[in-house]
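Have a look at the structure below, then the notes.
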Amino acid sequence: MNEFFDYWQLLLIPLFFGLGWVAARVDMRQVVHESSALPRSYFQGLNFLLNEQPDKAIDSFLEVARVDSQTVELHFALGNLFRRRGETDRAIRMHQNLIDRPDLDEGVRLHALSELGQDFLKAGLLDRAEEIFARLRGTAFDEDAKRNLLEIYQVEKEWQKAIDIAGEIAEGISQQQIAEFHCELAANEIMRSRPDAARGYLDAAMQQNRKCVRASLLLGDLLLQEGQAEAAIEAWQRIEQQDPTYLALVAQRLLETYRRLDRRDEGIALLRGYLERYTSLDLLDVVYQLVLESEGNEAAYRLVQGELRRNPTLLGLEKLMSARLPLVAPEVQPDVELAKTIIQGYTKRLSRYRCDNCGFKARQFYWRCPACGGWETYPPRRSEEFDQSL
């Protein structure tokens, strides 16, 4: 019985082999049939891509799109390619041609409309992009439309609209970001000398984010504008509990306000205490000038020397050379000046702020990165300090 069973198993092997061969032949015929149905321009385009000739490839694919009215996905692929290459005019025409087709499926039309809105956004045509994304509200592309509208409102500095649309987005929008929108509105009101409106926006910012440093900074500015110097100092001092890294941003404000109150020594003591607890090159700059004015070159030199031992940096060394220069003998001063000049050549590229998110560097501080659009991604530290903390 076992021998009979083994015999039939052997007979099944060629049978399965034959069935596989037939299936393969059928598949190959299908592939050949589908390939023969594709326009020659399609294969020419692929060949150009393989030979790293993207411009000729695009022309060939455009020919395919004209020959076959059903090549919707190819239209989208080409439109995205044009947009990535910065050829927004061609991307706009490609997507507009899709939208204008009378026989186009409604879902595809909405997709083409969304792509067209992104083309306008990339081209800087914000009004037209806003109009497109407004039309997409309530459709299958509603969430993408809201996010694109949020980006447009931030670029246009329409902060109230940004707040409203951010509240409708399901996820990915932080309270920190919305607090910044309120701070932008508050800053505008402070510039227009509208303290009540500014205070309302600052309260809203703090409700969104209790650790909003910018709200405390602006509140201090507002209070000082109203003549409440003591209250302004208290507002700025709260930054130490929120994020002491940002104390460097209010160091000069604190100094000037203490001077106004004729309490400069108290201000110096406060800032020196900050410097001892929170190492910062910007904070060192302010304290150095303070000590230089109030206690002279020798005290300023000792301050920088102690800070350099605690936190060795080229920027600190440059400051040390500046403090040392008046103290050395006249015949040595040219050598010290030369060393200082050489160090300055190296420190110019180090005395920049750097975005934590994208790495973009700038000489001035930004609350929102001009490169990636991230909020509070610029710690108020110079790039040399940033590198040392990694």
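For segment 130-155, taking the residues that are among the aromatic types (F, W, Y) and part of a helix (DSSP H, G or I), the one that is surrounded by the fewest Cβ atoms within 10 Å (Cβ to Cβ) is identified as Y153.
Inside segment 279-300, residues that are under 27 Å from Q242 (Cα atoms) and exposed (fewer than 15 other Cβ atoms within 10 Å of the Cβ) make up a count of 1.
Quick check on segment 199-213. Is at least one of its residues β-branched (V, I, T), within 21 Å of the chain's Cα centre (by Cα) and outside the structural domain of E256 (by TED's automatic domain parsing)? Taking every residue of segment 199-213 in turn, at least one turns out to be β-branched (V, I, T), within 21 Å of the chain's Cα centre (by Cα) and outside the structural domain of E256 (by TED's automatic domain parsing).
Among the residues of segment 156-177, those that are within 19 Å of C372 (Cβ to Cβ), aliphatic (A, V, I, L, M) and surrounded by 16 or more Cβ atoms within 10 Å (Cβ to Cβ) comprise A162, A166, I173. Taking L254, is it surrounded by fewer than 16 Cβ atoms within 10 Å (Cβ to Cβ) and not assigned by TED's automatic domain parsing to the domain that holds A215? Against the criterion (surrounded by fewer than 16 Cβ atoms within 10 Å (Cβ to Cβ) and not assigned by TED's automatic domain parsing to the domain that holds A215), L254 does not qualify.
Count of segment 246-284 residues, restricted to those that are assigned to a helix (DSSP H, G or I), within 24 Å of Q305 (Cβ to Cβ) and touching a Pro at 6+ places or on another chain (Cβ under 8 Å), is 4.
The set of residues from segment 217-239 being over 21 Å from L185 (Cβ atoms) and surrounded by 16 or more Cβ atoms within 10 Å (Cβ to Cβ) comprises A229, I233, Q237.
Condition (residue is of a type in the set (D, E, K, R), assigned by TED's automatic domain parsing to the domain that holds F141, farther than 19 Å from R135 by Cα and at pLDDT below 80) applied to segment 70-92: is it met by at least one residue? Yes; the residues of segment 70-92 include at least one that is of a type in the set (D, E, K, R), assigned by TED's automatic domain parsing to the domain that holds F141, farther than 19 Å from R135 by Cα and at pLDDT below 80.
Selection of segment 336-390 for residues being under 15 Å from L317 (Cα atoms), at pLDDT 70 or above and among the charged types (D, E, K, R) yields E337, K340.
Only one of the listed residues (A112, A129, A91) is under 24 Å from E171 (Cβ atoms) and among the small types (G, A, S). That residue is A129.
Within segment 100-129, the set of residues being without any contact (Cβ under 8 Å) to a residue 24 or more places away in the chain and either part of a helix (DSSP H, G or I) or β-branched (V, I, T) (or both) comprises E106, R109, D127, R128, A129. Note on segment 188-216: residues that are surrounded by 18 or more Cβ atoms within 10 Å (Cβ to Cβ) and of a type in the set (S, T, N, Q) amount to 3.
The values are calculated or read from the model by the stated rules, or taken from the named source; none is laboratory data. All values reported here derive from a predicted model rather than from experimental measurement. Cβ sites come from the backbone with ideal geometry, for glycine too, and all protein chains shown count toward neighbours.
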